[in-house]
Amino acid sequence: MEQRIKGTTGLMGLIGSPIGHSGSPDMYNFCFRYHGLDYAYLAFDIKEDQVGEAMDAVRTLRMRGCNVTMPCKNETVKYMDELSAAARIVGAVNTIVNDNGRLTGHMTDGVGFVNNLRANGVEVKGSRMVILGAGGAATAIQVQCALDGAASISIFNPRDPFLERAKHTAAMLETETPECRVQVFAMDDTESLRREIAQADILVNGTSAGMKPHAKTTLITDLTMLRPELVVADVVYNPLETRLLREAREVGCKTVGGKGMLLWQGAAAYQLYTGLEMPVEEYQAYLKEQGE
Ligand code: NAD
């Protein structure tokens with residue numbers, strides 16, 4: 001790594017807090033080495049109220065790009081010169097591209113989800129979807145799937161403040177992607193949940209339910225709602241196979257875990273920064289070598 005760094009080396013990075021656990025520096029630096037690109041990637045602990053200063057730094061240090069994680073994703077929107085359609089509709093940015101001081105904010109979480117499904121042989125275009133959740137991850141997925149031509153999206157969320165966000169997303173998508181039918185339901189409306197899942201091609205858990213230390217939690221407790229033709233995907237990647245995915249697999253459903261979404265959202269950002277395809281397979285092989 002040190003041998004790579006020279007006077008010409010450009011800086012890229014990640015902002016958010018906490019960031020100490022992030023796998024992004026390892027992933028991007030591997031890819032820069034792989035492609036022989038003269039960049040180095042570091043993670044910076046930045047709180048929400050420091051985003052403005054961080055954006056000044058992106059310009060001053062002529063960083064080519066910067067990833068954004070919690071809690072800075074919503075705040076970053078205010079400081080962009082331009083937004084991608086997904087970032088504008090979601091109201092959040094996870095990838096910033098700096099073109100000579102002009103900052104464009106993108107949201108690649110949804111792209112990561114769609115590309116991960118594609119890598120598993122599942123296409124979103126034309127599909128009927130049920131998406132549980134209305135937080136950051138679920139909203140990014142809802143918006144990208146609507147942009148990518150899903151036929152319908154039924155959003156279910158508990159009666160918490162995120163339910164209002166679901167209604168806001170549905171209203172935005174009604175204007176932005178009128179060909180995709182978006183409906184919102186409360187999670188305790190089990191009759192609607194059963195009906196919507198029965199008519200769906202893809203069911204997605206976009207909530208933190210099932211994530212460690214609550215790995216025993218699942219939002220689908222009545223397994224008769226599932227059928228083998230249904231694809232079941234989860235955003236949770238810790239554990240790699242959630243209870244929902246294990247039970248859906250046992251029913252005979254094709255299942256897709258959240259780990260790939262993380263990788264593919266990074267791959268989408270990498271392409272925006274460099275114009276190159278991320279060496280996903282090579283990086284996965286490298287991770288295996290490292291015993292991860
Ligand atoms: P968030 O706080 O923005 O949203 C949380 C959502 O979960 C809300 O819809 C809330 O109503 C719902 N929720 C929380 N606890 C629940 C429970 N017990 N039962 C039912 N619903 C519940 O969070 P987020 O940033 O959207 O993250 C959600 C999950 O997605 C986390 O597990 C996170 O690790 C994961 N995530 C994965 C990726 C990926 O690339 N795979 C990316 C982002 C987030």
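The values are calculated or read from the model by the stated rules, or taken from the named source; none is laboratory data. All values reported here derive from a predicted model rather than from experimental measurement. With ideal geometry, Cβ positions are generated from the backbone for all residues, glycine too; neighbour counts draw on all protein chains shown. Side chains included, ligands, DNA and RNA excluded: accessible areas come from the protein's heavy atoms. Shrake-Rupley method; radii C 1.70, N 1.55, O 1.52, S 1.80 Å.
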Only four residue types carry charge here, +1 at the Cβ of Lys and Arg and -1 at the Cβ of Asp and Glu. Report the dipole size of the stretch 164-292 about the Cα centre in Debye, rounded to the nearest 20. 360 debye
Where is the GNM fluctuation largest for the chain (alpha-carbon springs, 10 angstrom cutoff): THR139, THR175, THR218? THR175
Simple label model, 7 Å out from Cα along Cβ direction - ARG227 to LYS47, nm: 5.2 nm
Between the stretch 216-292 and the stretch 1-39, how far is it from one alpha carbon centroid to the other, in angstrom? 24 Å
Given charges at Cβ of Lys, Arg, Asp, Glu: the stretch 1-151 dipole, positive-most of HIS21, HIS35, THR9: HIS35
Which value, in Å² and to the nearest 10, is the accessible area of ARG4 when all protein chains are kept and the probe is 1.4 Å? 50 Å²
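Does the chain come out rounded, prolate or oblate, given a ≥ b ≥ c as the square roots of the eigenvalues of its C-alpha gyration tensor, rounded meaning a/c under 1.5 and, failing that, prolate meaning a/b above b/c?
Numbers: a/c = 2.06, a/b = 1.55, b/c = 1.33.
Because a/c hits 1.5 or more and a/b exceeds b/c, the chain counts as prolate.
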Selected from VAL90, ALA248, ALA285, residue furthest toward positive end of dipole (the chain; charges at beta carbon): ALA285
Whole number please: convex hull volume per residue of the Cα set in the stretch 60-212, in Å³? 129 Å³
Can you pull the accessible area of PHE113 for me, 1.4 Å probe, Å² to the nearest 10? 10 Å²
Rounded to the nearest 500, what is the 222 nm mean residue ellipticity of the chain from helices alone, with -39500 (n - 2.57) per DSSP H run of 4+ residues and division by all residues? -11500 deg cm²/dmol
Could you give each residue of the stretch 87-99 its phi-based ³J(HN,Hα) in whole Hz, using Karplus coefficients 6.51, -1.76, 1.60 with θ = phi - 60°, and x for Gly or Pro? 5, 5, 6, 5, x, 8, 10, 10, 9, 10, 10, 9, 9
Which listed pairs, of LYS212/LYS254; LYS254/LYS288; LYS212/LYS288; LYS6/LYS259; LYS216/LYS259; LYS78/LYS212, have C-alpha distances above 27 Å, in listed order: LYS6/LYS259; LYS78/LYS212
Suppose every Lys and Arg Cβ carries +1 and every Asp and Glu Cβ carries -1, with no other charges. What dipole size does the chain come out with about its Cα centre, to the nearest 20 debye? 160 debye
Could you rank GLU176, GLU289, GLU123, GLU53 by how accessible they are, 1.4 Å probe, largest area first? GLU289, GLU53, GLU123, GLU176
The stretch 206-266 - accessible surface per residue (Å², probe 1.4 Å): 50 Å²
Take every Cα-Cα distance within the stretch 87-134, group them into 5 Å bins from 0 onward, and report for each bin the whole-number percent of pairs it holds. 5, 16, 18, 22, 18, 11, 6, 4, 0
Prolate/oblate/rounded call for the stretch 155-292, Cα gyration tensor, a/c under 1.5 rounded: oblate
Where both partners of a DSSP beta bridge lie in the chain, what percent of those bridges are antiparallel, to the nearest 5? 20 percent
Nothing charged except the Cβ atoms of Lys and Arg (+1) and of Asp and Glu (-1): what's the magnitude of the dipole of the stretch 143-240 about its Cα centre? Round to the nearest 20 debye. 320 debye
